[in-house]
Structures are given as structure tokens and as C-alpha cells.
């Protein structure tokens, strides 16, 4: 169980930006070797990422690296070099553009071999990006492909290209009746929840539109997402706030849970609290709030 309210994207080619990311309030920071790094900088970026993982003070953050697409020439060396040189300082590998369960399996096998050879005692987790139409079709199988897998991430940018989505309809412009991403987000959430893992919503490009970013956070949170990518530090506080339960909701959840536990101990299946009926189904819903509160330390 990890906090993933905000996952901050940081170019692995920039020492300055990685240092700022380490000092940020993001729950998870991923050092990117994919889209934000030019092909000519891929090899040198690996060295910079290793140095950043091993030398910067990351506090309680989850430390992640997004490798390159598995179909490129860079991916296998991304994994090997980062794990060999910074394995103990790495929590998560993020795999982009997966298309099927076999992609996750391949990374799992390679990591298992590396961990055994290097004597690593802490398993490296995985998050994978659902950003291809093939991945959307195979989302349920992907979600259950490996015990390392901790989260599915919906990537709307590349997914738009893969499906041929009219980008003018993105962002609630009125050209599409409703949220153009509702089906995709909902399917990815369902696949993740069925596998017992998290769903994280992907990036929002409008870094100068905090209201738009907040609305996208709300839409995904309501469906069950636990957090969202931040591609600029200004988005971190918005995500942390939106994906955190309020103090009042946590207090009420604990009150209702305590009342139900007492009723259950007395042989009752339901209890009325402040005019609301609380039963086993109610407690299942409340547990989502309570688990998040415990992770945050509320």
C-alpha cells in the first residue's frame, strides 16, 4: 500500500529538476527516461537517474523510474543499468505502452533474475501505462499479469493517438456530450480494482489551467482513482488535496465504523447512526476512506 495522490513526472536528463522533485510534496516521483528525454540523451540520462536515486534525499517519497517503450532498443538496458546500479534505492519501475500481459511478464522475469543475481531483498514493484487500444482491450489480463504490479495508469495522450480521438474534444470543449474519457477511465479502474491494485489517472497538459486539472482529478477520483500524474509542481497540491478525504469525512467514517462494530458484537446486522442506516455494505464503502486516511496519517 502506497500513497499515489500525486505522481510527479521529472525528466531524467535534468539534475536540477530531479533535485527539485526530491524536495517536493509529491507522494511519488518518477524519473523519466521516455518521452521527456531525447534519443541522443537516453544513455547519459540513465547515469543521471542512478546518481539522483542514490544521492538525493527523497524523504518518504516513493522513488520510481519510467523506462522506455519495450519495443524500443533502450528498454532492456534501462532496466538492467538502473537495477544493477541503484536497485536498493528504487521502489517502482513504470512501464509505458504495454499492450498485453506478456509485456508485464517479460519485465517481471528480467527483474526476478536481476534481484536474484544482485541479492536484492526488497522486491521492485511495477506500474504500467494503459495508453494503447490493445492495452484497453486486454486491461483485465494486464492487471493480473504479475504480483509485482501495483497500479494501472491511464495515459490519455498516447491513447488519443492510438484510438484516433479528436483532440479538440478533450478538456470538455462541448464537442463531445460528456467526459470523453469516462469509458476508458472506468474500464481501467474496474480492471485495477478486480486485481486488487490501484488506478492512477494520467497527465493533464494544461499546466496554466488549474481549474481544468482539478476537474479532471475530480472525475477520476469519483470513479475510484487514487491519484493523478503531475507534470508541473503547481499540480501537486491540487492532486494531494483532491485525492485526500476531508477531516470531517474521516471522523464520520470512524464513528460509523465503531457503531457498526458495536452493533455486530451485540448480534445486530445494522445500526442507525444520526439518521443513517449502517450495514455491511456501508462499511465496505467506508473502508476506502479509512484506508486512505491511515496511509496519509490522518
Per the list (1) more than 17 Å from residue 131 (Cα to Cα); (2) within 15 Å of the chain's Cα centre (by Cα), residue check on residue 203 breaks on (1)
Checking 51, 55 in turn, the sole residue that is free of Cβ contacts under 8 Å to residues at least 12 places away in the same chain, more than 22 Å from residue 234 (Cβ to Cβ) and assigned by TED's automatic domain parsing to the domain that holds residue 195 turns out to be 55
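To keep it simple, each residue is scored yes or no on (1) in contact (Cβ under 8 Å) with a residue 24 or more places away in the chain; (2) within 17 Å of the chain's Cα centre (by Cα).
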site: 211; (1), (2): no, no
site: 218; (1), (2): yes, yes
site: 232; (1), (2): yes, yes
site: 248; (1), (2): no, no
site: 256; (1), (2): yes, no
site: 268; (1), (2): no, no
Q. Out of curiosity, is residue 138 touching a helix residue (DSSP H, G or I) at 6+ places or on another chain (Cβ under 7 Å), surrounded by fewer than 20 Cβ atoms within 10 Å (Cβ to Cβ) and modelled with pLDDT of 95 or more?
A. no
Taking the stretch 204-228 and keeping only residues that are closer than 22 Å to residue 140 by Cα and surrounded by 15 or more Cβ atoms within 10 Å (Cβ to Cβ), one is left with 219, 220, 221, 223, 224, 225, 226, 227, 228
Might you let me know whether the stretch 266-277 holds any residue that is part of a helix (DSSP H, G or I) and in contact with a helix residue (DSSP H, G or I) (Cβ under 8 Å, 6 or more places away or on another chain)? no
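The values are calculated or read from the model by the stated rules, or taken from the named source; none is laboratory data. In this text, all values refer to a predicted model and were calculated from it rather than measured experimentally. Here Cβ is always computed from backbone atoms with ideal geometry, including for glycine, and neighbour counts include all displayed protein chains.
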